[in-house]
């Protein structure tokens, strides 16, 4: 089978196999994984999502380190190819999605049936591959951790990225007033089309002034939940907008700068700060992930959420996919798509 290997830690935007030291290589004869348990399921991958975490993993900057070489990738969608003798939940030909710690940038993956989810009829299979990590992260953060409720004010930083768009949509489903922060006309227009209550364009405006003006006009006191996958200066500015008793969700640091939240202010204002490492729930609270993804898939089937696929690439174009992430050209999800190479397109 064809698989993308990280053989050296380095820059994932460099063309695979372009030099002996390039980080990525395309292995066209990688062994097809075999079923290693009676409840194992082998899936022929249709699409796999590229997340910011993958970018960091290949650079060696992620919180977890992996022995070389490894196949990156976690969430995916595809068609069941074969099943173990004790598999009862799935049959060959079923459309499914799921996530693994590593290995989805390949034509086949093997996963236990307990970790696999059926894609509802009528749902786009490529789009479903972008649901588990981005939407799962935002749903666990907003629903299970912050318990976002109708009427609360949600401020989403990095709102045009994968987890950001997910947070915006989940916020609207929960009945919150959603304020989104992004940069550029195209991103702002998309967010407005999704029913966001107020959008701050960082290329033309200031977060504090823009949000305070909106809150005053709507007679709202402040922000109840801050969703932050960015860090850096925007986090510092956003803290000025938080209500007494607000909740802060630390999702990641796309800016490259880990923010400092003054403990004395958190004390006085009774803020709750949640660190959210979604993947670790698999070990510590697997039931939360299962409940979350089942609810998200039901929302997807009902049309309550939609997965915006910004770019699709073939496996050999993985460097272009990573470059799109690096250059902030992504609005929603970047997907690596297998099969039908004539239909694989890039909007770059």
Burial ordering of 95, 311, fewest other beta-carbon atoms within 10 Å first
95, 311
Can you give the helix-only mean residue ellipticity at 222 nm for the chain, where every DSSP H stretch with n ≥ 4 adds -39500 (n - 2.57) and the sum goes over all residues, rounded to the nearest 500 deg cm²/dmol?
-7500 deg cm²/dmol
Quick one: helix 162-173 against the long Cα principal axis of the chain, what's the angle to the nearest 10°, folded into 0 to 90?
60
Would you mind pulling out the separation of the Cα centroids of segment 1-31 and segment 237-292, in Å?
35
Can you give me the angle between helix 207-217 and the longest principal axis of the chain, using Cα atoms only, in degrees from 0 to 90, rounded to the nearest 10?
60
Taking the chain as a Gaussian network, Cα atoms linked when under 10 Å apart, which of 314, 49, 203 shows the biggest mean-square fluctuation?
203
Helix 286-302 versus the longest principal axis of the chain: what angle, 0 to 90°, nearest 10, using Cα atoms?
80
Dividing the mean separation of Cα pairs under 8 Å (6+ apart) by the residue count of the chain yields a relative contact order in percent of 17
Within a 10 angstrom radius of the beta carbon, how do 225, 268 rank from fewest other beta carbons to most?
268, 225
Starting from the 7 Å offset along Cα-to-Cβ, what nm value, one decimal, do you get for the label separation of residue 267 and residue 327?
4.8
I want to make sure I understand the PRE zone here: with the label point 7 angstrom from the Cα of residue 285 toward its beta carbon, which residues in segment 116-141 have backbone N atoms less than 11 Å away?
140-141
List the residues of segment 250-285 whose backbone N lies under 17 Å from a point placed 7 Å from the Cα of residue 236 along the Cα-to-Cβ direction.
253-266
GNM on the chain, Cα springs under 10 Å; top mean-square fluctuation among 201, 291, 112 goes to 291
Relative contact order (%) - criterion: Cα under 8 Å, at least six apart; region: segment 137-280
21
Put in order of increasing Cβ neighbours within 10 Å, starting from the fewest, 227, 62, 135 give 62, 135, 227
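FYI, it's all coordinate maths here, none of it is from the lab. Because the structure is a prediction, the values reported are computed rather than measured. Neighbour counts run over all protein chains shown; Cβ positions are idealised from the backbone, glycine included.
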